[in-house]
Each structure stands twice: as structure tokens, then as C-alpha cells.
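A.B. asks: Handing you a structure now.
The values are calculated or read from the model by the stated rules, or taken from the named source; none is laboratory data. The shown structure was predicted, so the numbers you read here are calculated from the model rather than taken from an experiment. Backbone-built Cβ (ideal geometry, glycine too); neighbour counts: all protein chains shown. Just the protein is used for accessible areas: all its heavy atoms, side chains included, with ligands, DNA and RNA removed. Shrake-Rupley method; radii C 1.70, N 1.55, O 1.52, S 1.80 Å.
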Amino acid sequence: MSLSAVLTRIDDQIPTATERLMGLLRIPSISTDPAYGAACQDAADWLVADLQSLGVKAQKRPTPGHPMVVGHIDGPADGTGPHLLFYGHYDVQPVDPLDLWNTDPFDPQVQDTDHGKVIRARGASDDKGQLMTFVEACRAYKDVTGALPCKITFFFEGEEESGSPSLIPFLKENADELSADIALICDTSMVAPGVPSIASQLRGMLKDEFTITGPRIDLHSGHYGGPGLNPLREISRLITSFHDDTGRVAVEGFYEGVHEVPEDLLRQWETCGFDEHEYLTSVGYTQPHGEKAYPTLVQQWARPTLEINGLWGGYQGAGSKTVIPAKAHCKLTCRLVGDMDPDALRLKIRKHVEERLSPDATITWDQNLEGSPAAVMNINRPEFEKARSALTDEWEREAVFTGMGGSIPIAGYFKEILGLDAMLIGFAQEDDAIHSPNEKYNLSSFHKGIRSWARVLDALTR
């Protein structure tokens, strides 16, 4: 089979493929809002029907929340390629604030912009457009050859944007069915426009929250100002202790499990097209504010963080109220790298805070514990280099192994529960406004994403 024939088929069918994507984008599958439960069911049904049109044995599988979509198809009878597991998610973020959208978020439009045509809709980039790049590559393969190039399992989730509460139980209950040689995930972005990227490491996540209580009730600051412990002042002192003057986290043992980036990977990052000036100035910064010993990109991809995400307490109405508040509250998160253990790290952070509490201050910790380790891919596997070469051919620019500042827990779960390494290949752009009003996906990302997957499938089966 000539790969060029598949690529030609993709080029010829882009208008039809785009219209198919529009159909999926019209379904308001917002997973966090129970009002859209029926829409999530509709999106799963849509995907089942589309996979079945390719000859995939696909089913909508119930969970306590929104359904999973699972499908299986064999490759050619004489095929010797790997068994691939492809993952994407069909649920989307809420659209609020609606008044900031220039179009109806669930009435997808192809629009002309200064940077080319874009598909404008909620979910266009995260993750329906990305998911469909792989499905359309499979469709072109099937149209040209009558079969897919290898055995493929499709696995689409409907709760990724709402914390994936059903995911781990489903993976454990269906581990044998979902087993494969390697997983493919299309839910990431390119490091820079035109630079094909394979994410080789993703930061993990730890969440925690605490409340500092001082007096039994809010106090008059004229009666107790001075001798009274103020929880807002106490919590400010505590969070200031989290970092030193160089930007390093000052919690004892925080960096256990953190590794330096290998030199060969650093060299790739230095030439990957990352624009530090644009990255900083686009959000109003003039300089980086993290660990001074590390470049901005290394801070984003390969260093852990401890961030204060919310801080509140006391009177917040109009005017002033002269009180010493009884309580103050803090939400924090850590991004994890390497072999950092979220459970062990939580204990270290709590110990750091509790050892510094003033007399008459008490602390209450949130009991809704959340944490996931970083995911580090085995890029020495031959599949990674085959995919990188295939992407290089399509984009005519050397593909790079990148890191990711965010977290995609599914990659870690595939490793932990299914024993699978994952390749994360995505075609989103940093300006796609995912999770925000006016989300878009470049039509070129959709088109070349489909072509890229066709090349990757061809490379992996050779």
C-alpha cells in the first residue's frame, strides 16, 4: 500500500471530515453540569455510530457517571504490527462567561483569521478536534486499503473535564480488554507553530487546602488589635515561608525524586522554537519569577512548583469592618516531576506548616485528598523514534520531544494500571483558548493532524 494514496484521500476528504467534526461539536457535552447529562450520552452515541461506520466493534459502556466508548478492530489478516490503544475525551468545559463568546459555542463555524482558517466552537481543540484527527486518519486508511494497518482499540472518556471519577475503576475492571502494546493520546499542543511535538514528560499534581483558626469568633479590632492573633496575618506568614529568595521551595524534602534534565533533551528544548518573550509578555510579565537557577522552559516543563491558588478570610463586603477574623483559608497545589510521591509530599508540606504555627492558632486540613505523580515516557522505545521521524516528514521540520507544564493523569494511569507506555502527540496551538471563550482549532492543525496520524500509523506498522 502506498502511503501517498492515503494522504491524497485525506486531502480530498477534508471538507467532508470537517463537516463530520461539526456534527460532534454541536453536541453540548459538558460533563461537569448534570443538566447536560443527556448531551454526554448523545456524544457517546455519536462516536459509537461513527466508529461502527469504520467497521469497529464499538459500544457505549455505562459507568456511575458519563459513559465510556470502547471499540476494537483488527488489522489486515497478515498484519504483524503492534496493538495500539488510542485515547481521547468527548466531554468539554462549561462555556461561561457566555457573553464573551463572539459566536454560539455549540454552533461551530469555520472562520477566516489573520493566521488562517479556524474552527470556532467549544471542544474544537480540547478534545473533539484532536480526537477526530486520529479517527479520520483511520477512515482514510480503511477507504484506501479496506483495512486498518494494525489492531486498534479506541477508548473515549466522557469525564476528563470533571476529574475522571469513573476512570480508574473502569480501567481496573477492564484491564484485560484494554491491554495493548502502546497507548496513543491526542490531547496536547505543539510547542510552537509548525513544530511537531511528542510530549515525553508531564507534571503531576497535588492539591491541598487548610484553614487557620484563631479566636472563637470575629473580634473588634479596637478591643483585641495588638494582643489578638489575626489568622490572616498568621496565614500570610506561613505561606511566605514556602519559598526562599531564589524561588526555590523551602519545604524540607520537597525536591526528593526530582531529576535534572538530560543534556541531549535540553539541547532539543533549546532549539524547539519556544519564544520566551512572547510566552511572558502575552500575559503581562516582563521576566520569569520561578527558580532563578533554571531557564523559563525548564521551569515550566521539568521543575516542581508550590502555588497558592486561593487565599481568603475576614470581611469582604462594601466599605470596611474593623474585625480580627476568626478564620483564614488557603488553597494550594503542587506540580510534580520525576519520581515525586504526592502522598509523601503532602505530609512534608503539612509538617512544614504545623511546625510553624503560632500559639493559639489551630489548623484544619481538607480531607478530600487529590494527587497524581508525574508521567515520564520511555522515549528509548523504538516507537517513539518512528513517530518522531513520521512527524518530521509531514511538517518538514524536525519533531521534538517536549515536556508539559500541565497534567494529563490518563498517561500515568495507563502506566500504573495497564502497564502501557503512552505517546502524547497533539496539534493544538497555545492560542486555541481551551477552557476559555472563543475556543478554536486551526483548520491546518486538523488537516495536518490527520495526515500526521496516517504517517505515524504507517511508521509503526513497518
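A.B. asks: Can you put Thr392, Thr402 in order of accessible area, largest first, using a 1.4 Å probe?
C.D. replies: The ranking, largest first, comes out as Thr392, Thr402.
A.B. asks: Now for a different question. So if I place +1 on the C-beta of Lys and Arg and -1 on the C-beta of Asp and Glu, and nothing else carries charge, what would the dipole magnitude of segment 244-293 be about its Cα centre? I want it in debye, nearest 20.
C.D. replies: Here segment 244-293 has a charge dipole of around 120 debye.
A.B. asks: Rounded, prolate or oblate: pick one for segment 362-417, where a ≥ b ≥ c are the square roots of the eigenvalues of its C-alpha gyration tensor, a/c under 1.5 means rounded, and failing that, prolate if a/b is larger than b/c, else oblate.
C.D. replies: Working: a/c = 4.54, a/b = 2.69, b/c = 1.69.
The shape class here is prolate.
A.B. asks: So how much accessible area does Thr364 have, in Å² to the nearest 10, using a 1.4 Å probe?
C.D. replies: Roughly 80 Å² of Thr364 is accessible to a 1.4 Å probe.
A.B. asks: Within 9 Å, Cβ to Cβ, of Pro94, how many net charges do the neighbouring residues add up to if Lys/Arg are +1 and Asp/Glu are -1?
C.D. replies: On the way: positive: Arg122; negative: Asp33, Asp96, Glu161.
Value of the local net charge: -2.
A.B. asks: Taking H as built 1.01 Å from N, whose amide H comes closer than 5 Å to the amide H of Asn230, not counting residues under 5 places away?
C.D. replies: Excluding prolines and chain starts, which carry no amide H, there are no hits.
A.B. asks: If you don't mind, another one. Students often forget the sequence filter, so: which lysines lie under 18 Å Cα-Cα from Lys331 once same-chain residues fewer than 8 apart are removed?
C.D. replies: Candidates past the 8-residue exclusion: Lys207, Lys348, Lys351.
A.B. asks: Here is a further query. Kindly provide the GluC sites (Glu not before Pro) of segment 190-262 that DSSP labels as loop, not H, G, I, E or B, and whose Cβ sees at most 15 other Cβ atoms within 10 Å. Let's see the in-between values first.
C.D. replies: Numbers: sites: Glu209, Glu234, Glu252, Glu256, Glu260; in loops: Glu252, Glu256, Glu260.
Filter output for segment 190-262: Glu252, Glu256, Glu260.
A.B. asks: Roll a 1.4 angstrom probe over the protein heavy atoms and tell me the percent of accessible area of the chain that is carbon or sulfur.
C.D. replies: The value for the chain is 49 percent carbon and sulfur by accessible area.
A.B. asks: Keeping every protein chain in place, order Ile434, Ile425 by accessible area at 1.4 Å, biggest value first, i.e. largest first.
C.D. replies: In descending accessible area the options line up as Ile434, Ile425.
A.B. asks: Also: Nothing charged except the Cβ atoms of Lys and Arg (+1) and of Asp and Glu (-1): what's the magnitude of the dipole of segment 1-142 about its Cα centre? Round to the nearest 20 debye.
C.D. replies: So the magnitude is around 460 debye.
A.B. asks: With every protein chain present, what is the per residue accessible area of the chain (1.4 Å probe, Å²)? Intermediate results must be reported in sequence, preceding the final value.
C.D. replies: On the way: 20750 Å² over 462 residues.
That works out to 45 Å² per residue.
A.B. asks: Another one. Quote the accessible area belonging to Lys327 in square angstrom, nearest 10, computed with a 1.4 Å probe and with ligands, DNA and RNA left uncounted.
C.D. replies: 100 Å²
A.B. asks: Tally Lys/Arg at +1 and Asp/Glu at -1 over every other residue whose Cβ is under 10 Å from the Cβ of Glu383; what's the total? Write down the numbers at each step before the final one.
C.D. replies: Numbers: positive: Arg381, Lys386, Arg388; negative: Asp181, Glu385, Asp421.
Summing Lys/Arg as +1 and Asp/Glu as -1 gives 0.
A.B. asks: Place +1 on the Cβ of every Lys and Arg and -1 on the Cβ of every Asp and Glu in segment 352-397, take the dipole about the Cα centre, and give the residue among Ser389, Leu369, Pro359 whose Cα lies farthest towards its positive end.
C.D. replies: Checked the options; the winner is Ser389.
A.B. asks: Apply the a/c threshold of 1.5 to the C-alpha gyration tensor of segment 35-127 and tell me whether it is rounded, prolate or oblate. It would help to have the intermediate numbers written out before the result.
C.D. replies: On the way: a/c = 2.94, a/b = 1.57, b/c = 1.87.
Taking the square roots of the gyration eigenvalues as a ≥ b ≥ c, segment 35-127 is oblate.
A.B. asks: Moving to a separate point now. Restricting attention to segment 324-402, which GluC sites (Glu not before Pro) occupy a DSSP loop and are surrounded by at most 11 other Cβ atoms within 10 Å?
C.D. replies: Glu355, Glu396
A.B. asks: Which is farthest toward the positive dipole end of segment 269-341 among Val337, Leu297, Ser320, measuring Cα position about the Cα centre, with Cβ charges +1 (Lys, Arg) and -1 (Asp, Glu)?
C.D. replies: Checked the options; the winner is Ser320.
A.B. asks: Restricting to Cα pairs below 8 Å that are 6+ residues apart, what does the relative contact order work out to for the chain? Please round to a whole percent.
C.D. replies: 25 percent
A.B. asks: Now a separate question. Taking a ≥ b ≥ c as the square roots of the eigenvalues of the Cα gyration tensor of segment 140-180, is the shape rounded (a/c under 1.5), prolate (a/b larger than b/c) or oblate? Could the numbers behind the result be given before it?
C.D. replies: Numbers: a/c = 5.89, a/b = 2.00, b/c = 2.94.
Judged from the Cα gyration tensor, segment 140-180 comes out oblate (a/c at least 1.5, b/c at or above a/b).
A.B. asks: What residue among Gly419, Thr240, Thr461 has its Cα farthest toward the positive end of the dipole of the chain, where the charges are +1 on Lys, Arg and -1 on Asp, Glu, each on the Cβ?
C.D. replies: Thr240
A.B. asks: Magnitude of the Cβ-charge dipole of the chain, K/R +1 and D/E -1, about the Cα centre, nearest 20 debye?
C.D. replies: Using Cβ point charges on Lys, Arg, Asp and Glu, the chain gives about 500 debye.
A.B. asks: Under the rule of -39500 (n - 2.57) per DSSP H run of 4 or more residues, summed and divided by the residues of the chain, what mean residue ellipticity at 222 nm is obtained, to the nearest 500 deg cm²/dmol?
C.D. replies: Numbers: 14 runs with 153 residues, N = 462.
Calculated from helices alone, the mean residue ellipticity at 222 nm is -10000 deg cm²/dmol.
A.B. asks: Here are some values of Rg and Dmax of the Cα atoms in Å: (1) 24.3, 86; (2) 40.1, 141; (3) 22.5, 79. Which one was computed from this structure?
C.D. replies: (1)
A.B. asks: On C-alpha positions alone, give me the angle between the axis of helix 342-354 and the longest principal axis of the chain, in degrees, nearest 10.
C.D. replies: The angle comes out near 20 degrees.
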